[in-house]
Protein chains: 2
Amino acid sequence: MNDRPAAGVRVDEARLTSLVEQLGRVGAQSSGGIIRPLYSPPWREAQDMVATMMSDAGLSVREDAVGNVFGRLAGDTAGPVLLTGSHIDTVVHGGAYDGALGVLSAIVALEACAAAGGTPRRTVEVVSLCEEESSRFHANYFGTRSILGLVAENEPELLVDPDGVTLAEAARSVGLDPARFSDARRDDIDTFLELHIEQGRTLVDAAIDVGVVDVITGFMWLEVVVDGRTDHAGATAMTNRQDALQAAARMITAVEGVALAEGHPAVATTGVVRVHPGGANIVPGRVEFTIDVRHPELDVLDQMVAAMREQCAAVATDRGVQVDLQVVKKTPPHTLDAGLRAVLQQAADTCGLTWRELPSGAGHDSQTMGTHVKAAMLFVPSVDGRSHSPAEYSTPHDCAQGASVLATAVRLLAWAPPQSDQQ
Amino acid sequence: MNDRPAAGVRVDEARLTSLVEQLGRVGAQSSGGIIRPLYSPPWREAQDMVATMMSDAGLSVREDAVGNVFGRLAGDTAGPVLLTGSHIDTVVHGGAYDGALGVLSAIVALEACAAAGGTPRRTVEVVSLCEEESSRFHANYFGTRSILGLVAENEPELLVDPDGVTLAEAARSVGLDPARFSDARRDDIDTFLELHIEQGRTLVDAAIDVGVVDVITGFMWLEVVVDGRTDHAGATAMTNRQDALQAAARMITAVEGVALAEGHPAVATTGVVRVHPGGANIVPGRVEFTIDVRHPELDVLDQMVAAMREQCAAVATDRGVQVDLQVVKKTPPHTLDAGLRAVLQQAADTCGLTWRELPSGAGHDSQTMGTHVKAAMLFVPSVDGRSHSPAEYSTPHDCAQGASVLATAVRLLAWAPPQSDQQ
């Protein structure tokens, strides 16, 4: 890269903090946390707000067919685009940083780069991706997949939210036309940089300023359905029951056991349980639950799922119920681009900040983007490692340091003359 | 009682079957089963239908302040009323027999008694009670408690359904005035007879025509809240979690263990589980679940709940979460009136049917009614013992036999001249 380090580009901490607070009020619940699922009214409000923020930062704004919002700073030479950003949808009762900080850091980073003077050699764009979390539809990385042309034609009609609304219907409700979704595809991007909160404790515990992600863990989502027999809770003897919940409780216990047996960094979680028919005086006839299982090695991931399948089947046989276990999503682990990681490390050094390489236990747009373009990720510390929670928090200082490293990296990649020009 | 048995009064099987089918369509779901909670539109439709059925049977119809519907056949002497009936509300995805059969059998029984000739000596009424199941509010026996004056003044405002609607608001939505609820109290009833499906297998397995209930089991309902910590399912190590669901799964397993350790007829059931925030990629921070625990001896019931409390606390300590366990309802066991049980047995003999005394594992209006007036219960066989399920079923033949025993008992109690008159 550049062996004469440019001065680090510093973003305005107060401005970044203000943008985070502003976007954090969209979809905020009186009971705590943010609910901002894809194509909901608060989602629409958030993307409109981000568009205004981009415009205020001097970027040319455009929304694509699926609702990704782009802010563009045109370079003075032709060639592929450097993209940076993250997503603005949230989990149910999520926080103000997951996704949002990557979008807002990218805006203030480009603003700071432009303020540092000169026209970029290559075109840089900020993206506010429409969807990453799968909190409404099993659609995750929908924004990224749309850009890469990885969305199946019938997917918008097949994906249904818990209220029975299809993704296509939801899109229409916020003024988008599902028939035009394929227009979102782009072939002009060659680089993606994503800033994100760590969502774990590594950086905070070691007092490191920023993290450079080496590998993003692989994960699988499973839907388990346990079928027993609905009966009267008072009149049915304990020995004459096929209680789907008693079976499910043992399967959920086994899910944890498989992750513990594999050891760190394996994780497995059941986060959703639906009990049917759901009356206090009714023996449950059916239980549905989810399993989220993750490991940075694909073989181990497959072995863990096989072990869960085996243990759930054994519980079902033991308790006289039926179990069906379906893999509804599988995302392999992804190693990020070595060259871009080096640029991020150089940018951190330039800014005089400490950094460490670390894996990501959470999935991110970068792992899908990284299958088609060079991608890298920067982590900022999460206080107490909290995330997907109203308690999610990163200090303004840490956020601004991360955004400054991002700005410095973008400046290195898009403003600095190519090495050959310098000879 | 009467030592010269009257000829048994026989009800019309086809007519009873037709009424059961007719009422069974109200609140029927395309997915199977009936959903007819208190003060819902199908509940309103059902009570209006029952009122018409009573009127067609020649009874004088009246709805009281809480929505109990009465059909009256006036006797030719003054004195307390003989009441017979059951409830028409259902559990979620319940069947067409639980409660409803007791109301409809009472209607055809009175019709058959009247057709057998003569005016009743004492007044007889059929009642279609508004609420028994607690499927919408923690209000069970609300109809019976209103008649007995056992509803606290602020209860209609305090009881809230899962959508946040108070019982008072729900009542207003079906045209009732909660300010008048206390008008439902009556002091003119001295006897209550309730026909009900068994909801177990005792009668079916032994091929007995009808059951005469000796004792109704006691039960307690508990609400358990487990508080852990919401975290990201990918980024939070297994050893750094306070997963409320993993703890709850072990508590739910322990609930079953307590009932199994106590042995038959103890039962314990978890029928409702709510996981918060409820995302597949979020470690659950809070889980709420119910426990329904039953035993015909009060001491044993208390001991079972104490054991559950202890075991849930031990799980909470072990897993670093908090647990709160509240008793939201406690109904002591109730022994039914010996004199009335003898009349039911005599009626069965008169009809030439086999009978057996047996306990009820399910709670019934009779146990609350029985705290203030003489009460007895008649069971008809349940095919396969199924109940609180769309599969709930009793054969038309068994239903009509039960209703004929009820009719014969009512005739014995209300038509036959007192023993002293016969001397």
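Just so it is clear, none of the values below were taken in a lab; they were calculated from the coordinates. As the structure is a computational prediction, the values presented were derived from the model and not from experiment. Cβ: placed from backbone, ideal geometry, glycine included. Neighbour counts: every protein chain shown.
Provide the per-residue ³J(HN,Hα) series for the stretch B:198-209, in order, calculated from phi with Karplus coefficients 6.51, -1.76, 1.60 and θ = phi - 60°, each as a whole number of Hz, with x at glycine and proline positions.
5, 6, x, 10, 4, 5, 4, 5, 8, 6, 9, 5
For q values of 0.17 Å⁻¹, compute log₁₀ I(q)/I(0) with the Debye formula on a Cα-only model of the stretch A:341-384, without solvent.
The Cα Debye sum returns log10 ratios of -0.58.
Where the label is 7 Å out from Cα toward Cβ, how close does B:Gly118 come to the same position in every other copy, in nm, shortest first?
11.3
According to a simple spin-label model (label point 7 Å from Cα along Cα-to-Cβ), what is the distance in nm between B:Arg185 and B:Asp299?
3.6 nm
What net charge do the residues around B:Val321 carry, taking every other residue with its C-beta under 14 Å from that of B:Val321, with Lys and Arg at +1 and Asp and Glu at -1?
Numbers: positive: B:Arg229, B:Arg241, B:Arg250, B:Arg286, B:Arg319; negative: A:Glu256, B:Asp227, B:Asp231, B:Asp243, B:Glu288, B:Asp318, B:Asp324.
Once positives and negatives cancel, what remains is -2.
Along the three principal axes, how long is the stretch A:115-170 when you take its alpha carbons, biggest first, rounded to the nearest angstrom?
Taking max minus min along each principal axis of the Cα atoms, the stretch A:115-170 gives 51, 21, 16 Å.
Starting from one equal scatterer on each C-alpha and no solvent at all, send me the Debye-based log10 I(q)/I(0) for the stretch A:186-310 at q = 0.11, 0.16, 0.20, 0.23 Å⁻¹, two decimals.
With one equal scatterer per Cα and no solvent, log10 I(q)/I(0) is -0.57, -0.88, -1.08, -1.23.
In whole Å, largest first, what are the principal axis extents of the Cα atoms in the stretch B:64-186?
Dimensions of the stretch B:64-186 along the principal axes of its Cα atoms: 51, 32, 21 Å.
Based on the alpha-carbon gyration tensor of the stretch B:134-198, what equivalent-ellipsoid semi-axes (square roots of 5 times the eigenvalues) come out, in whole Å, largest first? Could the numbers behind the result be given before it?
Details: eigenvalues 102, 53, 20 Å².
The three semi-axes for the stretch B:134-198 are 23, 16, 10 Å.
What list of ³J(HN,Hα) values in whole Hz, one per residue of the stretch B:329-346 in order, does the Karplus curve 6.51 cos²θ - 1.76 cosθ + 1.60 (θ = phi - 60°) give from phi, with Gly and Pro shown as x?
7, 9, 10, x, x, 9, 8, 7, 5, 5, x, 5, 4, 5, 5, 4, 5, 5
Over the C-alpha atoms of the protein assembly as shown, what are the Rg and the largest Cα-to-Cα span, Dmax, in Å?
For the protein assembly as shown, the Cα radius of gyration and maximum Cα-Cα distance read 33.6, 131 Å.
Summing Lys, Arg as +1 and Asp, Glu as -1, what charge do residues with Cβ under 12 Å from the Cβ of B:Pro42 carry, B:Pro42 excluded? Before the final figure, lay out each step's value.
Details: positive: B:Arg25, B:Arg36, B:Arg44, B:Arg136; negative: B:Glu45, B:Asp48, B:Asp89.
Here the count lands on +1.
How far is helix A:100-115 tilted, in degrees, relative to the longest principal axis of the Cα atoms in chain A, given as a value from 0 to 90 rounded to the nearest 10?
It is inclined by approximately 0 degrees.
Please give me the summed charge of the neighbours of A:Ala244: other residues whose Cβ is under 10 Å from its Cβ, Lys and Arg +1, Asp and Glu -1.
Values: positive: A:Arg229, A:Arg241, A:Arg286, A:Arg319; negative: A:Asp227, A:Asp243, A:Glu288.
Neighbour charge sum, excluding A:Ala244 itself: +1.
Under 10 °C and 1.306 mPa s, how fast does chain B diffuse according to Stokes-Einstein, given a Kirkwood radius computed over C-alpha pairs? Answer in µm²/s, whole number.
Numbers: Rh = 22.6 Å.
It comes out at roughly 70 µm²/s.
Quick query: amide H of A:Ile189 versus all other amide H atoms, modeled in the peptide plane; which residues come in under 5 Å with a sequence gap of 5 or more or a different chain?
A:Val81
Work out the length of the dipole vector of the protein assembly as shown about its Cα centre, built from +1 on the beta-carbon of each Lys and Arg and -1 on the beta-carbon of each Asp and Glu, and round it to the nearest 20 debye. Working shown, then result.
Details: 64 positive and 110 negative charges, 13 e Å.
Approximately 60 debye in magnitude.
Can you give me the Rg/Rh ratio for the stretch A:220-291, using Cα atoms for both radii and the Kirkwood formula for Rh? Mind dumping the intermediate values first?
Details: Rg = 14.1 Å, Rh = 13.1 Å.
Radius of gyration over Kirkwood radius for the stretch A:220-291 works out to 1.08.
Give the long-range amide H neighbours of B:Ser360: residues separated by 5 or more places, or on another chain, with amide H under 5 Å away, using H modelled in the peptide plane at 1.01 Å from N.
B:Asp214, B:Val215, B:Ile216, B:Thr217
Could you work out the helix-only [θ] at 222 nm for the protein assembly as shown, with each DSSP H run of four or more residues adding -39,500 (n - 2.57) and the total divided by the number of residues, to the nearest 500 deg cm²/dmol? Before the final figure, lay out the partial values.
Numbers: 26 runs with 290 residues, N = 846.
Computed ellipticity for the protein assembly as shown at 222 nm equals -10500 deg cm²/dmol.
Please list, in chain and number order, the residues 5+ apart from B:Val267 or on another chain whose amide H is under 5 Å from its amide H, with Hs placed from the backbone.
Amide H neighbours of B:Val267: B:Arg294.
Have a look at A:Ala342, A:Ala306, A:Ala171 and tell me which one the Gaussian network model of chain A (Cα, springs below 10 Å) gives the largest fluctuation.
A:Ala306
Per 0.36 nm of contour for each residue apart, how much would the distance between B:Ala261 and B:Thr239 grow if the chain were fully extended, relative to their Cα-Cα spacing? Before the final figure, lay out each step's value.
Numbers: separation 22, 0.36 × 22 = 7.92 nm, distance 3.20 nm.
Going from the current span to full extension adds 4.7 nm.
On full extension of the chain, what length is gained from A:Asp349 through A:Val215, given 0.36 nm per residue of separation minus the C-alpha to C-alpha distance? It would help to have the intermediate numbers written out before the result.
Numbers: separation 134, 0.36 × 134 = 48.24 nm, distance 2.10 nm.
The span from A:Asp349 to A:Val215 would gain 46.1 nm if fully extended.
Can you give the convex hull volume of the alpha carbon atoms of the stretch A:1-117 per residue, in Å³?
With only Cα atoms used, the stretch A:1-117 gives 128 Å³ per residue.
Say the dipole of chain B comes from +1 at the beta carbon of Lys and Arg and -1 at that of Asp and Glu; which of B:Met369, B:Val283, B:Gly164 then lies farthest toward its positive end?
B:Val283
Would you list, by chain and number, the lysines whose Cα falls below 28 Å from the Cα of A:Lys374, excluding same-chain residues fewer than 8 positions away?
A:Lys329, A:Lys330
Taking the Cα atoms only, what angle lies between the long axis of helix A:298-319 and the longest principal axis of chain A, rounded to 10 degrees?
20 degrees
Taking the label point 7 Å from Cα in the Cβ direction, how far apart in nm is B:Gly58 from each other copy of itself, listed shortest first?
9.6
Extending each Cα 7 Å along its Cβ direction at A:Arg172 and B:Lys330, get the distance between those two points in nm, one decimal.
Roughly 5.6 nm, to one decimal.
Look at the axis of the rotation that sends chain B onto chain A, then give the chain B residue with the nearest Cβ and the distance in whole Å.
Measuring from each Cβ to the axis, the minimum is at B:Ala249, 2.
In percent, how large is the relative contact order of chain A, given Cα pairs closer than 8 Å and 6 or more residues apart?
Details: 986 pairs, mean separation 101.9, N = 423.
Relative contact order of chain A: 24 percent.
Expressed as a rounded percentage, what relative contact order does the stretch B:75-180 have, with Cα pairs under 8 Å and six or more residues apart? Before the final figure, lay out each step's value.
Working: 142 pairs, mean separation 26.6, N = 106.
In percent, rounded to a whole number, it is 25.
Could you give each residue of the stretch A:349-358 its phi-based ³J(HN,Hα) in whole Hz, using Karplus coefficients 6.51, -1.76, 1.60 with θ = phi - 60°, and x for Gly or Pro?
Taking θ as phi minus 60°, the curve returns 4, 4, 7, x, 10, 7, 9, 8, 7, 7 Hz for the stretch A:349-358.
Kindly list the residues of the stretch B:231-263 that lie in the label zone of A:Gln29, defined by a backbone N under 17 Å from the point 7 Å along the Cα-to-C-beta vector.
B:231-233, B:244-245, by backbone N distance to the label point.
Taking a label point 7 Å out from Cα toward Cβ, give me the nm distances from A:Val327 to the same spot in the other copies, shortest first, one decimal.
5.0
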